[in-house]
1. When residues of the stretch 427-456 are filtered for being on the phi < 0 side of the Ramachandran plot and assigned to a loop (DSSP other than H, G, I, E, B), how many remain?
2. Do we have residue 361 as touching a Ser or Thr at 6+ places or on another chain (Cβ under 8 Å), surrounded by 22 or more Cβ atoms within 10 Å (Cβ to Cβ) and in contact (Cβ under 8 Å) with a residue 24 or more places away in the chain here?
3. Do the conditions hold for residue 366, that is, is it assigned to a loop (DSSP other than H, G, I, E, B) and more than 15 Å from residue 254 (Cβ to Cβ)?
4. Looking only at the stretch 279-305, which residues are near the ligand (Cβ under 7 Å from one of its atoms) and touching a residue at least 60 places away in the same chain (Cβ under 8 Å)?
5. All but one of (1) assigned to a helix (DSSP H, G or I); (2) within 19 Å of residue 451 (Cα to Cα) hold for residue 353; state the number of the condition that does not hold.
6. Residue by residue through the stretch 306-356, note down the ones that are more than 11 Å from the ligand (Cβ to nearest atom) and hydroxyl-bearing (Ser, Thr, Tyr).
7. So which residues in the stretch 295-328 are under 30 Å from the mean Cα position of the chain (by Cα), more than 16 Å from residue 367 (Cβ to Cβ) and buried (at least 17 other Cβ atoms within 10 Å of the Cβ), if there are any at all?
8. Is one or more of the residues making up the stretch 306-328 out of contact with any strand residue (DSSP E or B) (no Cβ under 7 Å at 6 or more places or on another chain), among the basic types (Lys, Arg) and not in a strand (DSSP E or B)?
Amino acid sequence: VIDDPHGFMPPDADSADADGISTDLRMSPGETALAEARALRDAGLPAAAERRLRDALAADPAQAEVHAELAELLEELGHAAKAAEHFARAAALAPGRSDWLRGKVRTLALARRLEDAVAACRELLAVRPDSAPAHREAARLLLGLGSIGEAVGHLREALFLDPLDVDTAVRLGEALLAAGDAVAAAEAVQPALRRDPDRPEALVAMARCWIALDEPAKADRLLGHALLIDVDDRAGAGPLLERLAAVPADGLSQTYVRALFDGYADRFEEHLTGRLQYRGPQVLREMVDRAGGCRVPACVLDVGCGTGLAGLAFRDLASRLHGADLSPRMVAKAAARGIYDRVEVAEFHDALAADPGAWDLVVAADVLVYLGDLGPVLAAVAGGLAPGGLFAATLEAWDGDGYRLGPARRYAHGETHVRQHAAAAGLETVLIESASVRTERGAPVPGLAVILRRPQA
Ligand SMILES: C[S@@+](CC[C@H](N)C(=O)[O-])C[C@H]1O[C@@H](n2cnc3c(N)ncnc32)[C@H](O)[C@@H]1O
């Protein structure tokens, strides 16, 4: 016997068959069946491929690869339970193959045999205890069976193995909330949210924690933030906000609006002008020109100035351009633009009361949506305008008489409400038109744009 541990020796002449082809190069019956079945499958003949594999197994049932191939084919054909049987046979014949165990778990779950799928997951974890996806899958299945405690254990293990996985942190938080442990849930979600502050699912999960911890204002802020970045609301912030009765009767709190825009300042312009196709300042500029313009050069107050988009649209008319906004971080952005003579952190009414009768033009682009009752708002505007001065503002439109707070925490106003309060404040309605200045979920949001004037003396 020649010892040839490295296989360098040429094949024995006896192993060549009559055609001179080495038996080492010939395929085994199982390999032939696999090759033919794959060719049939590729040719769009799955039934023939299945027959070929079944014939091969009838001849020799102990062929792991053939069972696995048949399992994949059956899974593709939608026969999950039968596929699971063959994945099980393949995995039993080749105990180290975690991919076949994963197939077994997957197809059992697809066949809704959840308990068997959990058992298969345990088999998989015995082979691959360090697999975060296997722990996550075990948790998912256990949650489906209502075994929250055990699911939490697997989610913790998955997060330990993959600490940067925000989805698992969110799922762990949700499972802990379902188990009634809101503090532990908050501890699970908080680090993930710190790492990825714009992930809507994490914002909503954290908001749920705050609601459970009786901190509605904190929840409210996170949900508002989620809605700003997830306009399609896939994470479900809107319905939660509606349930959360945290809105004071007199409107959105300044704390809420300030925190909302402080958190939004870095992404504001890209999001608003890009994704939401915002064009409030352009619409207002065009209407001011059409209304005959204001006195030029003008003293202009851009109230709720944000990052300064409206300031840009009116700069050329202004001898003095001031900006005011509730949010310090928005104000910092506006100041950095370098177009304002002064920008300050101030609330709408305070900004107008600071310089009575001073302004030839007051612009409020997409700001009145954060203010409810226009009575005090338009009274403040009238107090700030110089005689003959104009007020230019966009609003979201509502068909009703008064105004209402929508699920996205923005007010919509009825045209009658605007006209009535303009008149009550002594302002003439110069123009009031339907104008959509942004989209939501890809559709234009119905809006109004108005030009009001303080009469000359
Ligand atoms: C959607 S942004 C619009 C910003 C800017 N006018 C524009 O057209 O790009 C709304 C801005 O109004 C500000 N805001 C909301 N309520 C306010 C209030 N009561 N007083 C002052 N600013 C307010 C917010 O902080 C935010 O910067």
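1. Our first condition is that a residue be on the phi < 0 side of the Ramachandran plot; within the stretch 427-456, this holds for 427-440, 443-456.
Now narrow it down to the ones that are assigned to a loop (DSSP other than H, G, I, E, B): 427, 435-438, 445-446, 454-456.
Number of matching residues: 10.
2. Judged against the criteria, residue 361 is not a match.
3. Details: assigned to a loop (DSSP other than H, G, I, E, B): yes; more than 15 Å from residue 254 (Cβ to Cβ): yes.
Yes: the conditions hold for residue 366.
4. If the condition is that a residue be near the ligand (Cβ under 7 Å from one of its atoms) and touching a residue at least 60 places away in the same chain (Cβ under 8 Å), then 280, 281, 302, 303, 304 are the ones that fit.
5. Only one criterion in (1) assigned to a helix (DSSP H, G or I); (2) within 19 Å of residue 451 (Cα to Cα) is unmet by residue 353, namely (2).
6. Answer for the stretch 306-356, where residues must be more than 11 Å from the ligand (Cβ to nearest atom) and hydroxyl-bearing (Ser, Thr, Tyr): 319, 340.
7. Residues satisfying the conditions do not exist here.
8. Among the residues of the stretch 306-328, not one is out of contact with any strand residue (DSSP E or B) (no Cβ under 7 Å at 6 or more places or on another chain), among the basic types (Lys, Arg) and not in a strand (DSSP E or B), which makes the answer no.
The values are calculated or read from the model by the stated rules, or taken from the named source; none is laboratory data. Only a predicted model underlies this, so the values are computations on that prediction, with no experimental measurement involved. Cβ coordinates were reconstructed from backbone atoms using ideal geometry, including for glycine residues, and neighbour counts include every protein chain displayed.
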